[in-house]
Every structure is written in C-alpha cells, then in structure tokens.
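Comments concern the structure below.
The values are calculated or read from the model by the stated rules, or taken from the named source; none is laboratory data. Quick caveat, the model's predicted, so the values are computed rather than measured. Glycine gets a Cβ as well: all are built from the backbone with ideal geometry, and neighbour counts include every protein chain shown.
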Amino acid sequence: MVLHVSDKKGVPIAEGMIGLFFEDINYAADGGLYAELLENRSFEALDCYGQKGDYYTKPDYGYGWEATADCGKGKAEYVSGSPVSRVNPHYLRFTALAAGQGFSNQAYRGLYLQKGKSYRVSFYARLADYEGDLRISVQKDGRCAAQEKVACIHAGRDCLRKWNRYETMLSLDEDVEGGLFVIALDRPGTVEFDLVSMMPADAVAGVFRRDLFTLLKDLHPGFLRFPGGCIIEGNTLENRYRWKESVGRIEDRKVNFNRWAVHETKEKDGWHSDYAHYNQTLGLGYYEYFVLCEMIGAKPLPVLNVGLACQYQSYELVELEDPAFGQFISDALDLVEFANGGEDTRWGGLRARMGHPKPFGLTMLGIGNEQWETKESRFFARYKAFERAIHEKYPDIKLIGSAGPDITSAHYTQAWEFYRKEAQGKGTFCYAVDEHYYVKPEWFYDHTDFYDAYPRDVKVFSGEYAAHPVNGMNKPEANTLGGALAEAAFLTGVERNADVVVLASYAPLFARAGFAQWSPDMIWFDEKRAYGTPSYYVQKMYGENIGTVTLSMDGQEKKLREEEVYVNLSLEERTGELIVKAVNHNDAEKPLALALPAHWKVCGPASLQVLAGEEDAYNTVENPDRVTLRNETADYTGVLVLSPMSFTVARIPVAKAPLRKK
C-alpha cells in the first residue's frame with residue numbers, strides 16, 4: 001500500500017478539539033474523583049426506588065454507619081433539631097454507655113490506606129452531655145492500624161453547647177485494605193456529630209483523588225463537559241442538578257440522590273437496585289469542576305437543565321408559560337456571572353470568596369443534555385428562549401444544542417432541520433450540535449465517512465460516543481482493544497472533517513469496579529488503583545497528536561478502507577511535523593509506504609506511538625497493562641509497518657515548506 005502525502009491544505013483543526021465528558025455515573029464523583037473516603041458523611045442518605053414516571057426515596061440517614069461492638073454497643077440515633085446547616089438538617093446523636101464505645105463507617109468496601117501516607121480527618125461535634133475526649137482510629141480485623149486522640153472543647157454545664165469543628169491527621173506504618181473508620185468516646189456520655197470526613201492528604205487541591213486526576217491531566221484534554229449527562233435532568237425535576245446548590249460552603253451543599261441509583265430497576269426487586277444509596281454530596285460541585293478544568297488545561301463546558309426531567313425516565317416538565325420556567329434561564333445567566341463576573345457582582349463575588357478572584361473564562365454552554373422535540377417537551381422553543389436571553393446579555397457565549405439520543409431516528413433529523421433553519425443569517429444561534437452514539441464497533445468502521453457530506457454552517461459536537469462490543473453493568477471486559485480500534489478508525493474521519501466537527505468526547509469517563517451501572521467506560525478503578533482502557537489510550541493518542549491542519553487525502557482513504565486500513569494525515573505547522581494516524585484492522589502486518597512531496601525533506605527520526613494486541617484483549621484492576629501504549633523512536637525509512645490489530649501514530653519531522661491551498 002502506498003499513501004501519497006499531499007502538500008495541499010485540508011481543513012484547520014480546532015485547538016482543543018479532543019476533550020472529556022464527565023458524568024456522575026458509576027460512582028465517578030462520590031467514591032471516585034472526589035477523594036472523600038467515607039460514605040454518607042452528613043447523615044442525609046436517601047434510599048431510592050422507582051420506575052419511569054414514578055420515583056420516590058426513603059430516608060436512611062444511618063446508611064454506612066454502625067455502632068461498634070468492641071466494648072458493647074452504644075446508642076446511635078439520627079436526628080434533627082440543631083444542625084450545622086439547615087440545608088442538611090440531620091446528624092448523628094451518639095450515646096456511649098461505657099468507655100470505648102463508638103461507631104464506624106463502611107467506606108464503600110472498606111478503607112484502603114497506604115503506608116507512609118497521611119489522611120485528614122475532620123468533623124463537627126457538639127457535646128450534648130459529655131466531659132471526655134474522642135479517639136479516631138482505623139481498625140482492621142480487630143486490630144488498631146492508626147489512632148489519634150482528639151481533645152474536645154468543653155463548656156460549663158450552664159453554657160450553650162456549640163458545634164465545633166475538629167481536625168486531625170492519621171498516618172500508617174503499613175498498608176491497610178478493608179479497614180474500618182471508627183470514632184470512639186473515652187467515657188460514657190452523649191455527643192452529636194455531623195459532616196464526618198476522611199480525605200487523603202495528597203488529594204489534588206484538597207479535592208481530587210490523585211491517580212484519577214493524573215490520568216485526566218495526561219490526556220491533555222481540550223475541554224471538559226460537566227456534570228452530565230442525565231443527572232442534569234434528573235429522574236424528577238426535584239432530583240435535577242442545581243448548580244447553585246453545589247457552590248459555597250461544603251456544609252451548605254444539599255445532598256441529592258443520583259439519577260443512576262434507579263437505573264434498570266425491576267418489579268421483581270421492588271423497583272430497587274444494588275445502587276439504591278447512590279447519592280451526591282456535591283463536594284465535587286461547579287466551583288471544583290471549574291478548578292479542575294483550569295488545572296488540566298481544559299475549557300469548561302457546563303450543561304444546563306431546560307425545564308425538562310430526563311425524557312427517557314420521566315414525564316415531568318415545567319411549561320414555558322409557567323413563571324417557574326424563568327428560574328431555569330436565570331440560573332443560566334447567573335452561571336455565566338459566577339464563572340466570568342467581577343468580584344463586585346453577586347455570583348462573581350461568591351466565586352472570589354471561595355478562593356478564585358480571577359474569572360474562569362467560560363466561553364461555552366450546553367443547552368439541555370439529550371433533549372428532543374415532542375408536542376409535550378417543546379424543546380426547540382426552550383432552546384430559543386435560552387438563546388435569546390443568554391445572547392442578549394452575553395453575546396459571545398457559544399451555545400451547544402442537542403440532536404437527541406441518537407443519530408438514526410427522526411429526532412436527529414428534526415433537530416438538524418431546526419438548527420440549520422434558525423441559524424441562517426444568525427451565526428451565533430448555535431455553535432455546535434451535540435450528537436450521541438453508542439454503537440457496535442462495526443458501525444464505526446462502516447461510517448468513517450459519516451461527516452464527509454455534512455453541511456458546514458452549524459458545527460458538530462460528538463459529545464458522547466463509544467464502541468460497544470458488549471454492554472451492561474460492571475463489565476470491564478466491554479472495553480476491548482477491538483472496540484478502541486473501531487473508535488480510532490472513526491476518529492480518522494472526524495479529524496478529516498474538522499471543519500464541521502469541532503469538539504469530540506468519549507463517554508462515560510469513569511467506572512468504579514463493582515459499582516458501575518454502565519459499561520464500557522474510559523477509566524476503571526477501585527479503592528486501590530486506577531487504569532486506562534484501550535479506549536483511554538486512543539483518546540490520549542488523539543489528544544497529544546491532533547495537529548493544526550489536515551492534509552488532503554484526495555480520496556485515498558476510501559481505497560485504504562477496502563484493505564481495512566483507516567488513515568488520516570495532519571500537519572503540526574508550529575513544529576513542522578507530519579502526523580500519520582493509521583488503524584490496521586487485520587490479523588497481519590500491513591506495510592504502508594509514504595510518498596512525500598518532493599520538496600519535503602525529513603530532518604530527524606520519527607516518533608511512534610503504537611496500541612496493539614489481541615482484538616478481544618482488555619485491561620483489569622488486576623492486570624492494568626495488558627493493553628498499553630508502546631512508544632518508539634526510529635529512523636524514517638519511508639515505510640510504516642502497521643502491526644496486526646493496531647492503532648499507530650507517527651510524527652515525522654519535515655523541513656518546513658509552505659502548504660498549497662486545497
């Protein structure tokens with residue numbers, strides 16, 4: 001096979017085109033990126049039930065907590081009356097009948113703590129009737145692995161017993177797996193507790209689990225879409241994600257149940273699932289999302305509710321004529337102020353008080369998640385209302401629309417007709433339309449030309465895509481190399497059409513092993529470790545090697561496709577590097593000869609990244625590197641030898657020469 005490399009410009013590639021989509025699914029936030037180790041730290045847990053159009057919760061304020069039995073069981077009551085915050089009104093009232101009695105937290109599947117590391121424990125306590133101190137410890141098989149004494153602040157009997165915040169550090173001389181977090185009283189009495197937290201001292205910015213943060217940063221993402229996904233909409237409007245409840249003091253962030261707590265519930269189980277206590281503490285809130293974007297170098301792309309609960313799961317909506325609809329638009333305007341406003345504004349001032357006086361530089365907003373037009377939803381009218389209000393006040397904000405849940409139904413066709421009609425003569429109406437496709441690998445191979453014939457007036461955001469060799473709950477085996485190669489092949493066509501596809505992100509991003517409602521996912525982890533899937537490495541290879549302009553393929557990609565080889569060419573004009581991306585979907589090696597323009601001179605060795613292996617291979621927490629990147633440097637010979645079942649990215653330095661226009 002010979003590939004003639006053209007010096008004709010193709011299309012410019014948007015900087016930061018390859019990004020991330022974060023949704024709080026599969027315990028991605030609490031139990032995941034948010035580094036909190038304890039469950040139900042504010043004693044506000046909700047037990048979730050329901051089916052489409054009929055969801056409800058039961059209070060289970062003691063979920064995850066249990067009185068210890070070492071010295072006989074004390075009395076644990078979950079009460080309200082004098083809370084730390086009225087937003088989260090419940091707390092634990094614990095009575096020790098004997099010295100040493102206390103209570104523990106299950107911490108998902110037990111604490112995993114590492115030797116030599118420190119862990120910050122903090123909590124509020126009110127000494128209702130107590131004259132002693134507290135012991136904070138980690139227990140393992142009845143043995144104390146770490147312990148610290150906390151001296152309590154005492155007041156006289158005739159004084160107000162106030163809430164006080166306490167903090168201490170725990171360190172370990174050995175690794176602990178399956179540990180139990182324990183607070184014990186050193187004498188009989190009654191103490192009330194709230195917001196009991198345990199965070200690794202090495203959490204990035206005091207918020208993010210370090211290994212997961214590093215995996216994100218190493219992708220060099222151009223943007224981050226957050227915080228979903230279906231949780232934006234909620235199963236009910238009461239359950240929707242309200243960004244204003246996710247900012248300010250941690251104590252004042254209202255605990256909410258997660259829409260994924262009731263995923264695929266069944267009547268035989270009482271419309272109840274294994275994930276029924278999947279809640280959101282909102283410790284990872286909008287402020288933290290913006291900070292995360294800044295730290296990993298990604299542009300923020302928050303998504304807003306438009307007055308519709310999840311159209312898959314609910315019938316609830318707020319009518320456009322209802323005065324309550326105005327609040328959804330106000331929330332959008334206030335969000336821009338929170339991100340970009342000066343310290344003298346209400347919401348910009350809150351951002352500054354939280355620790356970030358400088359604006360975050362928000363440039364994009366998603367209007368709705370995965371909405372589509374029906375007689376009842378009237379999504380198009382909702383979009384127009386948001387667009388008018390936002391652009392009247394913030395004309396430079398780029399808005400992202402929705403093409404619905406797929407790219408095959410009438411919803412998709414109808415959406416594009418709407419955006420293209422409304423955008424005529426008004427280029428700011430919609431910057432890009434969010435398309436979603438979760439499909440078999442074969443679809444990706446068959447549709448590498450999907451965007452070749454798209455009109456170029458309104459851009460595309462490939463907002464959620466993934467190859468699904470198989471799917472289901474808790475299936476790391478769904479993330480095969482074969483699926484990742486199909487995604488890489490499809491992305492050659494996405495990149496080739498970078499004048500219409502300006503943003504692209506795989507989904508979902510995270511999955512905690514044993515806690516996942518959806519597979520496949522880009523990054524899997526448990527309490528001990530995290531790993532990238534083959535799909536992760538495909539995203540990394542694209543994110544690091546996108547180039548600034550494509551080179552014209554002159555139809556050669558079609559001929560190569562007949563050989564099950566999928567190629568695109570780009571140039572990094574700033575460094576003068578030719579970038580070749582090639583997928584070989586064959587069980588045998590394929591040599592690919594490169595015929596360069598005569599006036600191009602190779603001026604150094606080529607650098608190669610190769611992802612290869614067996615088509616059904618996948619990584620696990622036990623074997624995280626079965627499929628991984630191979631980095632090489634080699635003298636340029638004019639031929640790329642493509643390994644069987646592989647994705648190869650080659651960067652070839654060439655003497656700078658002007659490109660011809662397409």
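For the range 108-128, a residue qualifies if it is more than 30 Å from His154 (Cα to Cα) and in contact (Cβ under 8 Å) with a residue 60 or more places away in the chain, and the qualifying residues are Tyr108, Arg109, Gly110, Leu111, Tyr112, Leu113, Gln114, Lys115, Lys117.
Of all the residues in the range 65-89, those that are in a loop (DSSP other than H, G, I, E, B) and surrounded by fewer than 19 Cβ atoms within 10 Å (Cβ to Cβ) number 9.
Please find, within the range 614-628, the residue that is surrounded by the fewest Cβ atoms within 10 Å (Cβ to Cβ) out of those that are among the charged types (D, E, K, R) and touching a residue at least 60 places away in the same chain (Cβ under 8 Å).
Initial filter on the range 614-628 (among the charged types (D, E, K, R)): 614-616, 622, 625-626.
Retained after the next criterion (residues that are touching a residue at least 60 places away in the same chain (Cβ under 8 Å)): 614-616, 625.
Details: Glu614: 14, Glu615: 17, Asp616: 12, Asp625: 9.
Among residues in the range 614-628 that are among the charged types (D, E, K, R) and touching a residue at least 60 places away in the same chain (Cβ under 8 Å), the one surrounded by the fewest Cβ atoms within 10 Å (Cβ to Cβ) is Asp625.
For first residues located in the range 587-613 and in contact (Cβ under 8 Å) with a residue 60 or more places away in the chain and more than 30 Å from Pro534 (Cβ to Cβ), partners that are in a strand (DSSP E or B) and hydrophobic (A, V, I, L, M, F, W, C) and lie 6+ apart or on another chain with Cβ distances below 6 Å form the pairs Ala595/Val2; Trp600/Val654. The residue pairs whose first member lies in the range 629-658 and is of a type in the set (A, V, I, L, M), whose second member is surrounded by fewer than 15 Cβ atoms within 10 Å (Cβ to Cβ) and part of a strand (DSSP E or B), and whose beta carbons are closer than 6 Å, counting only pairs six or more residues apart or on different chains, are Val639/Pro591; Val639/Ala593; Val641/Pro591. Could you please let me know if Leu509 is in contact (Cβ under 8 Å) with a residue 60 or more places away in the chain, surrounded by 21 or more Cβ atoms within 10 Å (Cβ to Cβ), under 21 Å from Val439 (Cβ atoms) and not hydroxyl-bearing (Ser, Thr, Tyr)? So Leu509 passes the test. For the range 241-252, the tally of residues that are crowded, with 21+ Cβ neighbours inside 10 Å and either touching an Asp or Glu at 6+ places or on another chain (Cβ under 6 Å) or not in a loop (DSSP other than H, G, I, E, B) (or both) stands at 2. Does Leu92 qualify as being assigned to a loop (DSSP other than H, G, I, E, B) and in contact with a strand residue (DSSP E or B) (Cβ under 9 Å, 6 or more places away or on another chain)? Judged against the criteria, Leu92 is not a match. Comparison of Phe22, Phe43 shows that the only residue that is in contact with a His (Cβ under 9 Å, 6 or more places away or on another chain) and buried (at least 21 other Cβ atoms within 10 Å of the Cβ) is Phe43. For the range 367-409, the set of residues classified as surrounded by fewer than 17 Cβ atoms within 10 Å (Cβ to Cβ), at pLDDT below 95 and not charged (D, E, K, R) consists of Thr408, Ser409, listed by residue number. Over 30 Å from Tyr287 (Cα atoms), surrounded by 15 or more Cβ atoms within 10 Å (Cβ to Cβ) and hydrophobic (A, V, I, L, M, F, W, C) - does that describe any residue in the range 150-164? Checked the range 150-164: at least one residue is over 30 Å from Tyr287 (Cα atoms), surrounded by 15 or more Cβ atoms within 10 Å (Cβ to Cβ) and hydrophobic (A, V, I, L, M, F, W, C). Within the range 319-373, being more than 21 Å from Pro227 (Cα to Cα) and among the acidic types (Asp, Glu) holds for Glu319, Glu321, Asp322, Glu343, Asp344, Glu373. Number of residues in the range 437-483 that are within 30 Å of Thr265 (Cβ to Cβ) and either surrounded by fewer than 21 Cβ atoms within 10 Å (Cβ to Cβ) or touching a helix residue (DSSP H, G or I) at 6+ places or on another chain (Cβ under 9 Å) (or both): the value is 22. Candidates Leu185, Leu111, Leu134: the one that is touching a Cys at 6+ places or on another chain (Cβ under 7 Å) and surrounded by 21 or more Cβ atoms within 10 Å (Cβ to Cβ) is Leu134.
Picking from residues in the range 541-562 that are over 19 Å from Lys8 (Cα atoms) and in contact with a strand residue (DSSP E or B) (Cβ under 7 Å, 6 or more places away or on another chain), the one that is surrounded by the fewest Cβ atoms within 10 Å (Cβ to Cβ) is Gly543.
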